[in-house]
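Chemist: Sending over a structure as structure tokens; questions will come in a sec.
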Amino acid sequence: MPQRRMTLTEAHVARTRREVVFDPDSADLRGWTRLDDTAIAEAADVLLAERPAGPLWVFAYGSLIWKPEFTPVRTLPCDAPGWHRAFTIGLTSWRGTPEAPGLMMALMPGGHCRGLALQVAAGEERAALIALITRETPYLELLPSRRWLVVETAEGQLTALTFYAPPLALHLRRGLTQGQTAALIARACGYVGPNSEYVLHTVAALEAHGIHDRSLWRLQKLVAQEIEALEKTSTN
């Protein structure tokens with residue numbers, strides 16, 4: 001079967017890229033407590049104590065698919081019943097700014113989500129968790145956003161760690177149409193990079209693993225069209 005061709009491309013992303021300086025006082029981070037190395041290690045130890053017996057698995061549904069922070073020894077396609085992907089977290093930092101806020105993807109209750117179960121190598125669990133916490137939940141207020149999910153694989157059920165399932169109520173954007181979501185993403189760029197870049201890499205990675213998320217596929221097309229429309233408007 002021929003591979004589907006995405007509408008959203010690196011050229012679209014390049015049109016939205018701009019230089020943004022990290023602002024530690026942004027609204028997203030104001031009043032939050034940054035975890036130091038000791039606190040991150042302690043959080044990793046809590047997860048180690050909680051985890052079920054056997055190998056440590058991580059459920060990847062977004063950027064962890066294309067940037068896992070550790071080298072998995074096994075990767076299994078899997079389903080997380082009762083959850084679905086959604087761009088629901090408003091961003092005025094990271095991949096957005098107060099002037100052009102973006103959206104971050106999370107898991108929301110309902111439906112089902114197909115992703116990847118990533119197995120951490122034996123003996124590397126603590127190092128992997130430290131890397132994941134440093135990236136995914138580097139603030140004290142974000143630590144509750146992780147959870148253990150039961151996912152279904154061709155080899156049976158397993159319990160895997162995941163993040164932002166569901167996201168914290170703070171900054172949650174509910175009720176956006178897909179068109180409104182695309183409009184925000186197409187305009188947003190933060191110190192990490194364009195919001196559209198996240199969509200591009202996530203959809204491409206899912207497709208590379210044989211996972212076709214119809215909602216995200218429609219979204220990437222809408223984002224590309226929105227970027228093209230913005231460019232036409234700016235040149236008129």
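Chemist: Being out of contact with any Phe, Trp or Tyr (no Cβ under 6 Å at 6 or more places or on another chain), surrounded by fewer than 21 Cβ atoms within 10 Å (Cβ to Cβ) and farther than 30 Å from Ala183 by Cβ is the filter here, so list the residues in the stretch 91-129 that pass it.
Modeler: Ala121, Ala122, Gly123, Glu124, Glu125, Arg126, Ala127
Chemist: Any residue in the stretch 1-21 that is in contact (Cβ under 8 Å) with a residue 40 or more places away in the chain sitting within a Cβ distance under 9 Å of a residue that is among the aliphatic types (A, V, I, L, M) and outside any helix (DSSP H, G or I)? List the pairs, counting only those 6 or more apart or interchain.
Modeler: Close Cβ pairs satisfying both conditions: Thr16/Ala188; Val20/Val192.
Chemist: Going residue by residue through the stretch 105-118, is there one that turns out to be of a type outside the set (A, V, I, L, M) and assigned to a loop (DSSP other than H, G, I, E, B)?
Modeler: no
Chemist: Kindly indicate whether Thr134 is closer than 29 Å to Gln220 by Cα, outside any strand (DSSP E or B) and hydroxyl-bearing (Ser, Thr, Tyr).
Modeler: yes
Chemist: Return the residues of the stretch 198-228 that are in a loop (DSSP other than H, G, I, E, B) and either of a type outside the set (Gly, Ala, Ser) or free of Cβ contacts under 8 Å to residues at least 12 places away in the same chain (or both); say none if nothing qualifies.
Modeler: Once the filter is applied, which keeps residues that are in a loop (DSSP other than H, G, I, E, B) and either of a type outside the set (Gly, Ala, Ser) or free of Cβ contacts under 8 Å to residues at least 12 places away in the same chain (or both), the stretch 198-228 yields His209, Ile211, His212, Asp213.
Chemist: Quick one: how many residues across the stretch 143-169 are hydrophobic (A, V, I, L, M, F, W, C), assigned to a loop (DSSP other than H, G, I, E, B) and touching a residue at least 12 places away in the same chain (Cβ under 8 Å)?
Modeler: Qualifying residue count, the stretch 143-169: 3.
Chemist: Name the residue that is modelled with the lowest pLDDT, counting only residues in the stretch 1-32 that are farther than 24 Å from Leu216 by Cα and surrounded by 13 or more Cβ atoms within 10 Å (Cβ to Cβ).
Modeler: Ala27
Chemist: Separate question: Those residues that are of a type in the set (Gly, Ala, Ser), in contact (Cβ under 8 Å) with a residue 12 or more places away in the chain and farther than 30 Å from Val20 by Cα, I need them from the stretch 97-128; list them, please.
Modeler: Residues satisfying the conditions are Gly110, Gly111, Gly115, Ala117, Ala121, Ala122, Ala127.
Chemist: Moving to a separate point now. Among the listed residues Arg173, Arg187, which satisfies the condition of being touching a Gly at 6+ places or on another chain (Cβ under 6 Å) and either of a type in the set (D, E, K, R) or within 28 Å of Leu48 (Cβ to Cβ) (or both)?
Modeler: Step by step, each of Arg173, Arg187 is checked, and only Arg173 is touching a Gly at 6+ places or on another chain (Cβ under 6 Å) and either of a type in the set (D, E, K, R) or within 28 Å of Leu48 (Cβ to Cβ) (or both).
Chemist: Inspect all residues belonging to the stretch 40-49 and state whether any of them is at pLDDT 95 or above and either under 17 Å from the mean Cα position of the chain (by Cα) or within 11 Å of Leu116 (Cβ to Cβ) (or both).
Modeler: Checking the stretch 40-49: not a single residue is at pLDDT 95 or above and either under 17 Å from the mean Cα position of the chain (by Cα) or within 11 Å of Leu116 (Cβ to Cβ) (or both).
Chemist: Limited to the stretch 201-212, what total is found for residues that are more than 12 Å from the chain's Cα centre (by Cα) and closer than 10 Å to Leu8 by Cβ?
Modeler: Summing the residues that are more than 12 Å from the chain's Cα centre (by Cα) and closer than 10 Å to Leu8 by Cβ in the stretch 201-212 gives 1.
Chemist: Oh, and also: I want to confirm something. Restricting to the stretch 183-194 and keeping residues that are part of a helix (DSSP H, G or I) and in contact with a Phe, Trp or Tyr (Cβ under 9 Å, 6 or more places away or on another chain), which single residue is farthest from Thr16 (Cα to Cα)?
Modeler: My answer is Leu184.
Chemist: Of all residues in the stretch 161-173, how many are surrounded by fewer than 18 Cβ atoms within 10 Å (Cβ to Cβ) and either at pLDDT 85 or above or of a type in the set (A, V, I, L, M) (or both)?
Modeler: 4
The values are calculated or read from the model by the stated rules, or taken from the named source; none is laboratory data. Remember, it's a predicted structure, so these values are computed and weren't measured experimentally. Cβ: placed from backbone, ideal geometry, glycine included. Neighbour counts: every protein chain shown.
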